[in-house]
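Visitor: One structure, pasted below without further comment.
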Amino acid sequence: MIVLEKRPQPSKAWSYATPLVAVLATMVCGGILFAVLGKNPVQAIGTIFWEPLFGEFAFYYRPQLLVKGAPLVLIAIGLSLGFRAGIWNIGAEGQYIMGAIFGAAAGLAFYPLDAWYVFPIMVIAGAIGGCLWAMIPAFLKVRFGTNEILVSLMLVYVAEQMLASVSLGLLKNPEGFGFPGSRNLQSYESAHNAELIAGSGMHWGVVTALIAVIFAYVLLNRHMLGFHIRLTGEAPRAAKFAGVNPARLILFCLGMSGALAGLAGMFEVSGPSGVVSIDFNVGYGFTAIIVAFLGRLHPVGILLAGGLMALTYIGGEIAQSQLGLPAAAIQVFQGMLLFFLLAFDLLTNYRIRAARREVA
Amino acid sequence: MKFTSLLASAAMALGLATSAMAEDKTKVGFVFVGPVGDGGWTYEHNKGRLAVEEEFGDKVETVFVESVPEGPDAERVMTQMALEGADLIFTTSFGYMDPTINVAKKFPNVKFEHATGYKTADNVSVYSARFYEGRAVQGHIAGKMTKSNVIGYIGSYPIPEVIRGINSAYVHAKKVNPDVEFKIIWAYTWFDPAKEADAATVLIEQGADVILQHTDSTAPQAAAQEAGNVITFGQASDMSEYAPFPRVSSIIDNWAPYYIARTQAVMDGSWETVNTWDGIKEGMVEIGEISDSVPADIKEEALAMKAAMAAGEYHPFTGPLKKQDGSDWLAEGETADDGTLAGMNFYVEGLQGEIPQ
């Protein structure tokens, strides 16, 4: 008979070990899945995790890891602040879209002006766009006590409609022969979020993501506000006695995560993507939730988790084209990662014991 | 990894790639927007890929990546294929246009073929099919068959290709049934069975007894089957599993001959940038079997129209035609030019509603 016994204190060791164990378990079960599909599991797993980092074309894939990972990290950092305090912003995808729309619109408004200040204005506009979108659920929660999970999630679909609308109307490329989609910001130099060093993958979004990691680390560990965030999440009653103002905390957490998601969208639209199009968003806002938890809501953890997630995406594509693995199998593989993480998380708070039961 | 090697230019990458792949096998890559099992658009492109494999056997190697989002991810997938030595890459969705151009710039020795777009380059061709010819046949059958005089249309995105199809179907439905009315829903997706089924259900609830779709899954067919008295047409693929009812006919995209010809051109070294727009005549657009649910006389008329288009005697957009706002478009006997059709962004007279802006 196996029983779960609650630990008196959450295990420090397990809280570090679970992500690693989850990755290993995903490799094993994913390997079995690939084997059932008739592929060599060792080769498949190897392709996913090895090729992008050390394969023949790693010089191309490594920078791509930064490009793919940066928006995930940037969004996840913002989300983790709220998640720590028990404020659940599920609508980062919508804030990401609004950031992209605001940022691109600001840039396109100046077209074709060539000036150094265009890009900084776009950055600010992107952050404001995401922040405003997140302020809707924040305000509704503070004022009317609505559930921020539902409101922020529903606003994703509203944002998607806005995206379709501006792609077809307001921001449509006047030289696009009636096709939807904006001008390509990559070919408008003042608005282009170009790689800082050609071929390195380092664009301003990557830099901002790294700054956000440091900023979040300092905030959570050295600042009163960070302490309040952690306190509210871990001991809400104690937080009240400590004089935490819940309304202010909600506005801050949602606003900050919205601004960071907006920045991610803005850097994406002005850099790797280039155009505001109907299909601009590809789910970074939702994947970032996985990244935040995979990284244990810790800034450094999120940085590593974002890298890992980017790795499975890029490695997954390589596995598709080299080994003919179906896309769905890669998605199952990514899903397993979160599943195992949550499953093994149990061991942080509980221990498994073999209990002997007296038989009458 | 030294920093300098991070900076390896794309041109150098190409040099490495081609020398590594200096075997005589021609490598052909395909980038798909949906899963190969979508039963529609991507399914037919994949059939074209398999036809290339069958035609050339050992002389060719094909690779594909499915469900690739339109944007930076597509760019990475194409780059990856080019790095791994692809000689020819087909990018099979409108949204891959800018990524295709970007990657093509970095790999001048790799040939690219972009479906349904308009940007070409020295190593980028574009190709598309005149689906609107098939829509004319559908419109004719739909106009004759509808009892409620309401025809539902599931649009994907309001791009010229889709608007052309709506106009063509409407013109021909109206011709045989002056009372006909089109209800159009924009799904903003190429492939999303749940959304497509919802759209079909809403249209049926609004009285439509014919559903035309410009999305890729078979979900609208299933929704019509459930409703019972609604007819549909297969889109991009035959969707014959829903024949003879509700699916009464279909537009089939036949990419295989084009893919084989272009692969051959790369092998021969005769590949050039082209702008291909083929229809029923060339066999790129096929009309799936018209089932027995359609009365014999209507079927005969539809086949006659198809034959006239195949012979080049009939153009689906032949005047007199007016635009939705009442202004003149085509005079009596005049046919639409390809330039106007390619960028079509207006409805013809009689269609209700506005193209989303």
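Each reported figure results from applying straightforward, stated rules to the coordinates on display, with no laboratory input. Just so you know, these numbers come straight off a predicted model, no measurement behind them. Cβ: placed from backbone, ideal geometry, glycine included. Neighbour counts: every protein chain shown.
Visitor: Determine the sum of side-chain charges near B:ASP325: Lys and Arg each +1, Asp and Glu each -1, restricted to other residues whose C-beta is under 14 angstrom from that of B:ASP325.
Guide: -1
Visitor: Take peptide A:195-205, look around each residue's Cβ out to 10 angstrom, count Cβ atoms belonging to other protein chains, and average those counts.
Guide: The shielding value for this peptide is 2.
Visitor: Relative contact order for chain B: what is it in percent, counting Cα pairs under 8 Å that are at least 6 residues apart?
Guide: Rounded, it is 16 percent for chain B.
Visitor: Whole angstrom only: what separates the Cα centroid of segment A:192-247 from the Cα centroid of segment B:276-292?
Guide: 58
Visitor: So, counting K/R as plus one and D/E as minus one, what does the shell of residues with Cβ under 15 Å around A:LYS172 add up to?
Guide: -3
Visitor: Among B:LYS59/B:LYS111; B:LYS119/B:LYS183; B:LYS147/B:LYS322; B:LYS119/B:LYS299; B:LYS183/B:LYS323, which pairs are too far apart, with a Cα-Cα distance over 29 Å?
Guide: Distance filter (> 29 Å) returns B:LYS119/B:LYS183; B:LYS119/B:LYS299.
Visitor: Tell me, what is the percent relative contact order of segment A:74-173, built from C-alpha pairs under 8 Å that lie six or more residues apart?
Guide: 36
Visitor: By counting other Cβ atoms within 10 Å of each Cβ, how are A:ASP345, A:ASP114 ranked from fewest to most?
Guide: A:ASP114, A:ASP345
Visitor: Give the span of segment A:38-325's Cα atoms along each principal axis, as three whole-Å numbers ordered largest to smallest.
Guide: 57, 51, 35
Visitor: Please list B:279-287, A:140-148 highest first by mean number of surrounding beta-carbon atoms within 10 Å per residue.
Guide: B:279-287, A:140-148
Visitor: If you don't mind, there's one more thing I want to ask. Cβ under 13 Å from A:PHE344's Cβ, A:PHE344 left aside: what net charge do those residues give with Lys, Arg +1 and Asp, Glu -1?
Guide: Here the count lands on +1.
Visitor: What does the structure give for A:275-282 when I average, per residue, the other chain Cβ atoms found within 10 Å of the residue Cβ?
Guide: 6
Visitor: Once you put a point 7 Å from the Cα of A:LEU24 and another 7 Å from the Cα of B:GLU354, both along the Cβ direction, what distance in nm separates them?
Guide: Roughly 6.2 nm, to one decimal.
Visitor: Using Cβ counts within 10 Å as a stand-in for footprinting exposure, how do A:TYR96, B:TYR153 rank, fewest first?
Guide: B:TYR153, A:TYR96
Visitor: Separate question: To the nearest whole number, what is the average tally of beta carbon atoms from other chains within 10 Å of the beta carbons of peptide B:186-192?
Guide: Mean inter-chain Cβ contacts per residue within 10 Å come to 2.
Visitor: Per residue of segment A:327-334, in order, report the coupling 6.51 cos²θ - 1.76 cosθ + 1.60 (Karplus, θ = phi - 60°) as ³J(HN,Hα) in whole Hz, putting x for Gly and Pro.
Guide: Running phi through 6.51 cos²θ - 1.76 cosθ + 1.60 with θ = phi - 60° gives 4, 4, 5, 5, 5, 4, 4, 5 Hz.
Visitor: State, as an integer percentage, the relative contact order of chain A based on alpha-carbon contacts under 8 Å between residues 6 or more apart.
Guide: Rounded, it is 36 percent for chain A.
Visitor: Now for a separate question. Send over the Kirkwood Rh of segment B:18-120, from the inverse of the averaged 1/r over different Cα pairs, rounded to one decimal Å.
Guide: Hydrodynamic radius (Kirkwood, Cα only) of segment B:18-120 equals 13.7 Å.
Visitor: Let me ask you something else. Divide, for segment B:180-302, the radius of gyration over alpha carbons by 2.2 N^0.38 Å, where N is the residue count.
Guide: 1.27
Visitor: In nm, what is the difference between 0.36 nm times the number of residues separating B:VAL274 and B:GLU313 and their Cα-Cα distance?
Guide: Full extension from B:VAL274 to B:GLU313 adds 11.5 nm.
Visitor: Return B:PHE245, A:PHE179 ranked ascending by Cβ neighbour count within 10 Å, so the fewest neighbours appear first.
Guide: B:PHE245, A:PHE179
Visitor: What length, rounded to one decimal in nm, is gained on full extension from B:LEU50 through to B:GLU286, with 0.36 nm per residue of separation minus their alpha-carbon distance?
Guide: Here the segment from B:LEU50 to B:GLU286 would lengthen by 83.1 nm.
Visitor: Among A:GLY324, A:GLY46, A:GLY285, which one shows the biggest mean-square fluctuation in a GNM of chain A, springs joining Cα atoms closer than 10 Å?
Guide: For chain A, modelled as a Gaussian network with Cα springs under 10 Å, the answer is A:GLY324.
Visitor: Hey, which aspartates and glutamates would be in cross-link range of B:LYS195, C-alpha to C-alpha under 12 Å, not counting anything within fewer than 8 residues on its own chain?
Guide: Counting by Cα, and skipping residues close in sequence, B:LYS195 has these aspartates and glutamates nearby: B:ASP216.
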